[in-house]
Amino acid sequence: MSIRRQPDPIPDNANFGIINTGSMTGPAQAAPFSRNAAQNNHISETVDSAHRSIEDLRRRLEELRSQHPEADRALRDLDMIAPRLDDPERDPGTMRYMLQNLVERCGGIPGVLAAAQLVQSTVTALLPSS
């Protein structure tokens with residue numbers, strides 16, 4: 001029997017389409033009844049989000065500064081990262097290295113690792129993919 005003689009598949013839920021575990025550019029359609037989806041990147045919102053995450057981490061580290069010596073070092077890391085957000089010539093490799101150091105430093109300070117990881121993800125979203 002030819003594939004053309006078979007009826008079109010009937011979607012049984014909203015996720016009748018492409019499963020993407022990597023990166024994609026442009027819209028994609030997978031089957032009948034599918035719809036195109038496109039992503040818009042709003043860079044100013046992303047920069048604001050990165051600044052907010054940095055300020056939140058800074059506030060948490062300031063509160064713990066007297067209790068943990070690593071908090072001082074993490075604050076110095078933040079002081080190097082924050083001004084580079086607005087620099088169009090920022091080096092992605094250097095930024096990734098500084099962000100990784102920040103997360104590692106914050107790993108030993110209770111209650112700030114998640115905030116450091118948020119800084120890492122929001123700042124990394126601004127960098128070109130490698």
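Nothing in this text is a laboratory measurement; each read-out follows from the coordinates by a stated rule. What you see is a predicted model, and the numbers here were worked out from it, not measured in a lab. All Cβ positions, glycine included, derive from the backbone under ideal geometry; neighbour counts span all protein chains shown.
Can you tally the net charge around A71? Count Lys and Arg as +1, Asp and Glu as -1, for every other residue whose Cβ sits under 13 Å from the Cβ of A71. Before the final figure, lay out each step's value.
Working: positive: R58, R59, R60, R65, R73, R76, R105; negative: E62, E63, E70, D72, D77, D79.
With Lys, Arg at +1 and Asp, Glu at -1, the net is +1.
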Hz values of 3J(HN,Hα) by residue in segment 65-72 - Karplus curve (6.51, -1.76, 1.60), Gly and Pro given as x
4, 6, 8, 10, x, 5, 4, 4
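From the square roots a ≥ b ≥ c of the eigenvalues of the alpha-carbon gyration tensor of segment 39-130, which class results: rounded (a/c under 1.5), prolate (a/b over b/c), or oblate? Before the final figure, lay out the partial values.
Working: a/c = 2.10, a/b = 1.77, b/c = 1.19.
Note, shape of segment 39-130 comes out prolate.
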